[in-house]
Amino acid sequence: MKTREITVTVNGKQLTETVETRLLLADFIRDHLNLTGTHLGCEHGVCGACTVLVDGKATRSCLMLAVQADGSSIDTVESLVHEDGTLHPLQQAFSDNHALQCGFCTPGFMMTLVDFLNENPNPGEQEIREAISGNLCRCTGYANIVKAVEQASEALAKQGE
């Protein structure tokens, strides 16, 4: 078993861990760090449930080795809730618009959309649909997810004023 020491910043906290060189980033996040909001669905990069931000970009953590993240900043869905317990505008919008049902896909959608809204703060419906096309949901039918993104976009714009 070959191991390597990595240093990463996860949700704002820097840490150094020794990991197997073949360990997936998703497994590192879930099993080593006990951050279970990142879900594993297909383990082939197709469903989007494992999406996290690596250096600010949406990344499928089931397709990346933990050693590849050495020196990187990683944000998981757990990073979205504010210290005082208030929800991120995207989380609040998902709740307000009933944009989740079973919730399994929700963390991946959240992290995909955080990156998307950082890049495109005022998206149209078609842009939203394209942005979420890489995330699979078996429950919602996507319409309420689109509404939630529209609401979150407006809320984030007001915060920036």
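The values are calculated or read from the model by the stated rules, or taken from the named source; none is laboratory data. Quick caveat, the model's predicted, so the values are computed rather than measured. Note that we place each Cβ from the backbone using ideal geometry, even for glycine, and neighbour counts take in every protein chain shown. SASA here: full protein model, heavy atoms, side chains in, ligands and nucleic acids out. Shrake-Rupley method; radii C 1.70, N 1.55, O 1.52, S 1.80 Å.
In order along the stretch 98-103, phi translates into HN-Hα couplings of 6, 8, 9, 10, 6, x Hz, rounded to whole numbers, per the Karplus curve 6.51 cos²θ - 1.76 cosθ + 1.60 with θ = phi - 60° and x for Gly and Pro. Applying 1/(1 + (r/R0)^6) with R0 = 30 Å to the Cβ-Cβ distance of LYS158 and LEU63 gives a FRET efficiency near 0.25. Viscosity 1.002 mPa s, temperature 20 °C: what is the translational diffusion coefficient of the stretch 92-161 from Stokes-Einstein with a Kirkwood Rh over Cα pairs, rounded to a whole number of µm²/s? D = 179 µm²/s. Between the alpha-carbon centres of the stretch 103-161 and the stretch 1-52 there is a gap of 24 Å.
Within the straight-line cut-off of under 17 Å between alpha carbons, none of the lysines are reachable from LYS13, sequence neighbours fewer than 8 places apart in one chain being disregarded. Over the residues of the chain, the helix contribution to mean residue ellipticity at 222 nm works out to -9000 deg cm²/dmol, using -39500 (n - 2.57) for each DSSP H run of at least 4.
When exposed loop sites are taken as trypsin sites (Lys or Arg not before Pro) in a DSSP loop with at most 15 other Cβ atoms within 10 Å, the longest stretch of the chain clear of them is 23-137. Placing dummy labels 7 Å off each Cα toward the beta-carbon, the span from ASN120 to LYS2 is 4.0 nm. Ordered from longest to shortest, the equivalent ellipsoid semi-axes for the chain are 28, 17, 13 Å, each the square root of 5 times a Cα gyration tensor eigenvalue.
Compared with the dominant Cα axis of the chain, that is its longest principal axis, helix 106-119 is turned about 70°. Backbone phi angles across the stretch 46-55, fed through the Karplus curve with coefficients 6.51, -1.76 and 1.60 (θ = phi - 60°), yield HN-Hα couplings of 8, 8, x, 4, 8, 5, 10, 9, 10, 6 Hz in residue order; Gly and Pro are listed as x.
Straight-distance candidates among the aspartates and glutamates for linking to LYS147, with alpha-carbon spacing under 19 Å and chain neighbours fewer than 8 residues away dropped: ASP96, ASP115, GLU119, GLU125, GLU127, GLU130.
Per residue, the accessible area of the stretch 1-133 comes to 51 Å², computed with a 1.4 Å probe over protein heavy atoms only. For the chain, the relative contact order comes to 23 percent (Cα pairs under 8 Å, sequence separation of at least 6). Starting from 0 in steps of 5 Å, tell me what percent of the Cα-Cα pairs of the stretch 69-109 lands in each bin. Answer for the stretch 69-109: a P(r) of 5, 19, 26, 23, 13, 8, 4, 1 percent. What shape does the stretch 32-127 take by its C-alpha gyration tensor, where a ≥ b ≥ c are the square roots of the eigenvalues and a/c under 1.5 counts as rounded, a/b above b/c as prolate, and the rest as oblate? It comes out rounded by the Cα gyration axes. Near the amide H of LEU65, within less than 5 Å, lie the amide hydrogens of LEU25, all on another chain or at least 5 residues away, with H placed in the peptide plane.
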